[in-house]
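Q: My questions will all concern the structure given below.
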Amino acid sequence: MIEIGFLTESDRARWESLARGKDAYFKVERGDDDYARTWRRLLDDEQIRGIAARLDGRMVGIAHYLFHAGVWQAGRCYLADLFVDAEARRRGIATAMIDWTARDAKERGFPGLYWNTLEDAPARALYDKVGRLHKGLILYTYRRDAPGGGPA
């Protein structure tokens, strides 16, 4: 049985293990301070949320999302991170976390939910099914050059 709820203080060690697993998968390097700072924000910030998915009582997935103002509507919810342990995938956990996040956002007056992923990510198979609106939108990002001429 899948259970989803907000992260709590007692989830710290398992959350960090899953967060580091997500970062390793996407080849992102972070320091210990980054994990500590993000953990505090997930528990203490009203606009930033963290949830855990448990399968038979064991935490197997995490999601991080944030609320922000919208120009044309009341507000939006950005699903920043979604990760499910490889051993627990293909059991509906990611879909359940997306649905839970959408419900939480709507209940708090943020009806729009969106996220992005890599073009070749295996998660695209799921996202193409659960994403309700795509209409060919493409995400662009802008990064200024860092001092010294390299990318920021």
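The values are calculated or read from the model by the stated rules, or taken from the named source; none is laboratory data. In this text the structure is predicted, and so the values were computed from the model without any measurement. Because the Cβ atoms are built from the backbone with ideal geometry, glycine has one as well, and the counts that use them run over all protein chains shown. With ligands, DNA and RNA removed, areas are computed over all heavy atoms of the protein, side chains included. Shrake-Rupley method; radii C 1.70, N 1.55, O 1.52, S 1.80 Å.
Q: Identify, by number, the condition in (1) outside any strand (DSSP E or B); (2) open to solvent by 80 Å² or more (accessible area, probe 1.4 Å); (3) not basic (Lys, Arg) that Trp39 doesn't meet.
A: The single condition Trp39 does not satisfy is (2).
Q: Being open to solvent by less than 30 Å² (accessible area, probe 1.4 Å), part of a strand (DSSP E or B), over 13 Å from Ile51 (Cα atoms) and free of Cβ contacts under 8 Å to residues at least 40 places away in the same chain is the filter here; which residues of region 68-112 pass it?
A: Within region 68-112, Gly75, Cys77 meet the criteria.
Q: Just to be sure I understand, how many residues within region 12-36 are open to solvent by less than 20 Å² (accessible area, probe 1.4 Å), touching a helix residue (DSSP H, G or I) at 6+ places or on another chain (Cβ under 9 Å) and touching a residue at least 24 places away in the same chain (Cβ under 8 Å)?
A: The total comes to 2.
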